[in-house]
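**Q** Dropping the structure in here first, questions after.
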Amino acid sequence: MLQAHSFLWHYLWLAPHILQLVLAFLLCRRGLHRLFPVFLAYAVVEAIEEFTLYGMDVSPSVSGETFWRTFCVGLVVEGLIKFALIGELALHLLRPWPAVARMGNRLITSSGVVLVLLATLAAAYAPIDNPDNAIISRAHVLQQTLYIVLSGLVLFLFVFAAYFKLSWNNLDFGIALGLGILSCEHLAAWAITASGALPDQRHLLDFVNLATYHICVLIWFYYLLIPQQAVTKSAVALPEHNLEMWNRELERLLQL
Amino acid sequence: MTLAVTIVIAAILALALILRIAISHSLQAPDGSRAGQIQPVDVEAFRNLINPAEDDFLRSRLSSHQFRVVRRARLRAAASYVRVAGRNSAVLIRIGEAALAGGDPRTAEAARQLVGDAILLRRNAALALVRIYVALAWPHSGSATEHLVETYERLNGSAMRLGRMQNPGVAVRL
């Protein structure tokens, strides 16, 4: 069951990306593609990339070298789109609140720079675990590098929003949550792979990666399909005693 | 291998933090229960604590050692005021966001103003706390909380404006 080219393996590789295309269709049908153009592009490009890789993997005429080269190119494209997606989420989160928008943008840029430096440092110290096929090792290190930056940026978004009590739009929150789970799990899995550990158990890590991706796509579906969380319509009254107290304080200030 | 273990631990911690924030986001307390969490801040006492003229006066009257001790005590007291102001701002952000959903455009505008001011105060409170901790290490440094009182006063104004719209019956003395 947990072997490469088993039914489960085929299912986990293909099904999430078919679902992603359905997700893209639903986004367009609901008119959300105008609000989430980068997420739409991500869903489509990721599906095309994975279908291409799947076809190359099962086709006997494609060499391993060609597969891994295509994998690396796809990874770079996918990485760029994911960074743009984080930008889209940050824009949606910060745009309504100019008081923190500038600081948020500066902090996210600074965090990105620090994370790129850390990821580069980690890549420099990563071993080439497969000298005969160095491109495979490089692909693993590239994955590790990408996910260090991605998971750091998603974590920053969550912490920033939580500290300033910024409210997420439902779908923004779902996308960020899925991306956060995906990035952290993939980071751990690719760090183990890039280190050369567990050489005989790597197919298990592949299964964990594929299953996590499937769960994340389902999370995106859930947040797309559930209606926008109903915020309480009854206005919450500020407590009178506090208003009185604040008024007293203000009066005292005015008398200064 | 050490590098991989470090990265795996960092990834697990990051995932745990993201999930914790996500769960607390989903299990937010009803907003009605938040109003009671606002704690009073004696603005006058706070203003006195961070007044640079008071610091100058103390500096001229006390020995260097005595001044450091007194300044640190004043900074610690100011830090507790700033923390309370920061917590109040978080409560007001939630109250303002709940009021944003109301149908009345004037109330929604007042709520938007309240949330904007509360976010600004929370930002200033965070920066002020950093400055206070720096000043605790170097007590002879300059003022630690320049803009905080003004932001707090503006927040008071926004909160009162929203309160008046939501509770027109409550007498507001200005």
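The values are calculated or read from the model by the stated rules, or taken from the named source; none is laboratory data. All figures in this text were calculated on a predicted structure; none of them were measured in a lab. Glycine gets a Cβ as well: all are built from the backbone with ideal geometry, and neighbour counts include every protein chain shown.
**Q** Kindly check whether there is at least one residue in region A:151-170 that is under 19 Å from the mean Cα position of the chain (by Cα), closer than 20 Å to A:Ala47 by Cα and of a type outside the set (Asp, Glu).
**A** no
**Q** Related question: Could you check, for region B:119-126, whether at least one of its residues is within 25 Å of B:Pro52 (Cα to Cα), crowded, with 24+ Cβ neighbours inside 10 Å, within 10 Å of the chain's Cα centre (by Cα) and in contact (Cβ under 8 Å) with a residue 60 or more places away in the chain?
**A** no
**Q** Please go through region B:98-110 and pick out each residue that is facing chain A (nearest Cβ under 8 Å), without any contact (Cβ under 8 Å) to a residue 60 or more places away in the chain and part of a helix (DSSP H, G or I).
**A** Listed by number, the residues that qualify are B:Leu100, B:Thr107.
**Q** Taking only pairs six or more apart or across chains, which ones have beta-carbon atoms under 7 Å, a first residue in region B:59-70 that is more than 17 Å from B:Ala137 (Cα to Cα), and a second residue that is of a type outside the set (Asp, Glu)?
**A** Listed pairs, sorted by first residue: B:Leu62/B:Val70.
**Q** Out of all the residues in region B:119-133, which are more than 9 Å from chain A (Cβ to nearest Cβ) and small (Gly, Ala, Ser)?
**A** Of everything in region B:119-133, those that are more than 9 Å from chain A (Cβ to nearest Cβ) and small (Gly, Ala, Ser) turn out to be B:Ala125, B:Ala128.
**Q** Next question, about the same structure. Suppose we keep only residues that are in contact with a Phe, Trp or Tyr (Cβ under 9 Å, 6 or more places away or on another chain) and closer than 13 Å to B:Leu129 by Cβ within region B:85-109. Which one would you say is surrounded by the fewest Cβ atoms within 10 Å (Cβ to Cβ)?
**A** Per the criteria, the residue is B:Ala85.
**Q** Within region A:204-223, is even one residue modelled with pLDDT of 95 or more, of a type in the set (Gly, Ala, Ser) and within 25 Å of A:Gly152 (Cβ to Cβ)?
**A** Yes: one or more hits.
**Q** Please find, within region A:194-210, the residue that is nearest to B:Ala101 (Cα to Cα) out of those that are at the interface with chain B (Cβ under 9 Å from one of its Cβ atoms) and not aliphatic (A, V, I, L, M).
**A** Here the answer is A:Ser195.
Every residue, every condition in (1) among the charged types (D, E, K, R); (2) touching a Gly at 6+ places or on another chain (Cβ under 6 Å); (3) more than 8 Å from chain B (Cβ to nearest Cβ); (4) free of Cβ contacts under 8 Å to residues at least 60 places away in the same chain, yes or no:
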site: A:Gly152; (1), (2), (3), (4): no, no, no, yes
site: A:Leu155; (1), (2), (3), (4): no, no, no, yes
site: A:Leu166; (1), (2), (3), (4): no, no, no, no
site: A:Asn169; (1), (2), (3), (4): no, no, yes, no
site: A:Leu179; (1), (2), (3), (4): no, no, yes, no
site: A:His186; (1), (2), (3), (4): no, no, yes, yes
